[in-house]
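Read the structure below first, then the notes.
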Amino acid sequence: MVIEPPTEKIKVSKAGSLRGEITLPGDKSISHRAVIIGALAKGKVRISGLSSGEDNQRTITAFKQMGVDIARERDGDLRIQGKGLFALKEPAQVIDAGNSGTTMRLLTGLLSGQKFFSILSGDTSLNQRPMKRVIEPLSMMGAQIWGRGGGNFAPLAITGRNLKAIRYELPVASAQVKSAVILAGLYAEGITEVKEPSFTRDHTERMLAYFGVDLERERNAVRVQGGREWEGKEVIVPGDISSAAFFIVAATIIPHSEITIRGTGMNPARTGFLEILRQMGASIEIANKREVSGEPVADIVVRSSRLQGREIRGEMIPKAIDEIPILAIAATCAEGETVIRDAGELRVKETDRIKAIVSELRRFGVSSRGPVA
Ligand code: S3P
């Protein structure tokens, strides 16, 4: 299936100021984990606040293809009749991950440990994104995975095998790769350990722990014991902090604005852009902190303020990986220069985000320096 970009034109007029309160749709990354870990639970799972985006629908459809009973209730909640770890069935068709890297990489981990054959494919963009990073550790666990380009690109063909536990140090900071190994580790004999070079979103670890799976976590390492099952329960998905980022930047740069964003996920590996914006001079208050289904959640109050350019680099990059494009917009309104370094990973996202930021901003007359093409 080819999904065409929207063709309708949208006319945007200059806003006077932004004022009010909003609640955003559910977090995309957490929604994927809720569906995957919910489908592997034994018994009923109810998920409220789930993102209704295309990427999450791909994950839901994949589990339906593997025989899991999943339905949307009238109130929008998702009901899953979890089958446990060992009752998925061989999908009769290719699993189409569309544009969703999270669906493809996490499911590659999961499918490696099944007792059946499966094929994962995606759209033109996803089938050009690097998959060796997941295939390498999974092959060390005994997985049999074939792909185009010497095994680096989807479509991927997977023959499920009995997996063995490994200790693995990730060469790139990637929550998707970490999660793929953890999910395969649920099927492996022994204790699988994953170490990461810098802290990335830990939604998989938190969701498993919320369902009662015994995970050991220590600094940059996580360990999981294979073969343990868990029961179904209710999950509430918090508002998407990556979507909130657009409103936060808008309220910061548009004079006389004040907005409150309620019930937003505040996972510490996702809030890097808030720290960066604050260091640039933004007025961002965090109120009503609480925990919901194992994730930190809060309300965010933003008032307009003057920004100063700054350097963004190193460990800060993985914590703001999806917000660098909108931070670039904030940078255009800041006094002085903003420098972004160590962000090469942005080139292998759905698009080359560095190229996209620079070429789009140039059209608005913004100047930039550095390697772009
Ligand atoms: C995601 C991890 C990140 C992020 C992506 C969602 C996830 O990708 O950019 O939008 O849900 O685990 P990487 O793991 O490739 O850094």
**Complete:** So the angle from the long Cα axis of helix 54-65 to the longest Cα principal axis of the chain, reported in degrees to the nearest 10, equals 10 degrees
**Accessible area of segment 28-236 divided out per residue, in Å², using a probe of 1.4 angstrom** = 39 Å²
**Complete:** Yeah, segment 1-96 with a ≥ b ≥ c from its alpha-carbon gyration tensor (a/c under 1.5 is rounded, else prolate when a/b outruns b/c, oblate otherwise) is oblate
**Fill in**
For the chain, the longest principal axis of the Cα atoms and the Cα long axis of helix 241-253 enclose an angle in degrees, to the nearest 10, of 0 degrees
**Complete:** Averaged per residue, the 1.4 Å probe accessible area of segment 238-363, protein heavy atoms only, in Å², is roughly 42 Å²
**Request:** Could you list which residues have their amide H under 5 Å from that of R167, counting only those 5 or more apart in sequence or on another chain, with H placed in the peptide plane?
**Result:** E193
**Message:** Please give the Cα centre distance for segment 352-372 versus segment 11-44, rounded to the nearest Å.
**Reply:** 28 Å
**Item:** Rg/Rg_ref, the chain, where Rg_ref = 2.2 N^0.38 Å and atoms are Cα
**Value:** 1.00
**Message:** Give the aspartates and glutamates whose C-alpha is closer than 14 Å to that of K42, dropping any in the same chain fewer than 8 places away, or say none.
**Reply:** D69, E229, E231, E234
**Message:** Within segment 238-363, what whole-number % of the accessible surface is contributed by carbon and sulfur, with the 1.4 Å probe and all protein chains included in the calculation?
**Reply:** 50 percent
**Request:** May I ask what percent, to the nearest 5, of DSSP beta bridges between residues of the chain are antiparallel?
**Result:** 70 percent
**Prompt:** Ignoring ligands, DNA and RNA, how do I95, I10 rank by accessible area with a 1.4 Å probe, largest first?
**Reply:** I10, I95
**Message:** Please report the equivalent ellipsoid semi-axes of segment 28-236, computed as sqrt(5 x eigenvalue) of the Cα gyration tensor, largest first, in whole Å.
**Reply:** 23, 20, 16
**Message:** Compute the helix-to-body angle for 101-112: its Cα long axis versus the longest principal axis of the chain, expressed 0 to 90° and rounded to tens.
**Reply:** 20 degrees
**Message:** Suppose we flag GluC sites (Glu not before Pro) only when DSSP calls them loop and at most 13 other Cβ atoms lie within 10 Å. Which is the longest uninterrupted stretch of the chain?
**Reply:** 74-314
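Rounded to the nearest 20 Debye, what is the dipole magnitude of segment 94-175 about its Cα centre when Lys and Arg each give +1 and Asp and Glu each give -1 at the C-beta?
220 debye
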**Asked** What is the set of long-range amide H partners of L50 at a cut-off below 5 Å, with H atoms built 1.01 Å from backbone N?
**Response** L78, V237
**Message:** Helix-only estimate, please: 222 nm mean residue ellipticity of the chain, summing -39500 (n - 2.57) across DSSP H runs of length 4 or more and dividing by its residues, to the nearest 500.
**Reply:** -8500 deg cm²/dmol
**Request:** Would you mind telling me the share, in percent, of accessible area of segment 7-112 contributed by carbon and sulfur at probe 1.4 angstrom?
**Result:** 49 percent
**Cα-based reach from K178 at 20 Å (exclusive), listing lysines while leaving out same-chain residues under 8 positions away** = K28, K132, K164, K195, K319, K349
**Prompt:** Looking at L274, S118, Q81, which one has the Cα that reaches farthest to the positive end of the dipole of the chain (charges on Cβ: Lys, Arg +1; Asp, Glu -1)?
**Reply:** S118
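The values are calculated or read from the model by the stated rules, or taken from the named source; none is laboratory data. Given the structure is predicted, the values throughout are model-derived calculations rather than measurements. We place every Cβ from the backbone using ideal geometry, glycine too, and count neighbours over all the protein chains shown. When the accessible area is computed, the model is the full protein with side chains, heavy atoms only, and any ligands, DNA or RNA have been set aside. Shrake-Rupley method; radii C 1.70, N 1.55, O 1.52, S 1.80 Å.
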